[in-house]
Amino acid sequence: MATLSVDLPHRCSLDEARRCCEATLAELKVRYAGYIGEASAVWRGSTAGLRLVLTAPSKIAIEGTIEVDAEMVRLRGRYAPPPFLPEAFVNKMVGDAIRRTWADKCKACPAPPP
């Protein structure tokens with residue numbers, strides 16, 4: 001199994017960070033409609049079960065968690081990579097899509113300065 005790990009630093013309340021997570025997942029399905037068939041989270045407090053299903057270039061189901069704390073949103077997932085797509089490629093493609101969408105949808109939760 002391959003692993004996906006995406007960290008999203010923020011400076012907002014836990015509730016606002018969670019709303020940003022929900023907005024990011026919803027936008028992923030719209031923005032990448034030809035590539036993402038499902039992007040969902042089931043929340044319990046500040047932790048969620050994550051399911052992200054890529055439909056192209058090959059079907060890949062990513063299952064994992066989202067954890068929100070005072071400074072960081074952490075997405076962790078596991079998936080079975082197809083033999084013709086390297087894990088590093090899938091992680092970069094998915095991670096970059098999540099980071100770009102988070103940045104666009106969550107201006108209320110800016111990342112701390114470097």
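Read the figures in this text as sums done on the coordinates, not as results from a lab. Note that the coordinates shown come from a computational prediction; the quantities given were computed from them, not determined experimentally. Using ideal geometry, Cβ is built from the backbone for each residue, glycine included, and neighbour counts are taken over all protein chains shown.
Compared with the dominant Cα axis of the chain, that is its longest principal axis, helix 14-31 is turned about 30°. Around the amide H of Met72, modelled in the peptide plane, lie the amide H atoms of His10, all under 5 Å away and 5 or more residues distant in sequence or on another chain.
Of Leu28, Leu54, Leu85, the residue with the greatest mean-square motion in the GNM of the chain, using alpha carbon springs below 10 Å, is Leu85. Around Ser46, under 10 Å between beta carbons, what's the net of Lys plus Arg minus Asp minus Glu among the other residues? Summing Lys/Arg as +1 and Asp/Glu as -1 gives -1. For the chain, the relative contact order is 38 percent, taking Cα pairs closer than 8 Å that sit 6 or more residues apart in sequence and dividing their mean separation by the residue count. Helix 87-105 and the longest principal axis of the Cα set of the chain meet at an angle near 30°.
Remark: segment 69-78, residue by residue, has Karplus-estimated 3J(HN,Hα) of 10, 4, 10, 8, 10, 10, 9, 10, x, 10 Hz, where x stands for each Gly or Pro and the curve is 6.51 cos²θ - 1.76 cosθ + 1.60 at θ = phi - 60°.
Of the labelled options (i) 7.5; (ii) 14.7; (iii) 6.6, which one gives mean projected area of the Cα convex hull in nm² as computed for this structure? After the calculation, the listed value that fits is (iii).
Among the chymotrypsin sites (Phe, Trp or Tyr not before Pro) found in segment 1-99, those both in a DSSP coil and sparsely packed, with 10 or fewer other Cβ atoms within 10 Å of their Cβ, are Phe84. When cysteine pairs in the chain are screened for C-beta atoms closer than 4.7 angstrom, the residues that find no partner are Cys21.
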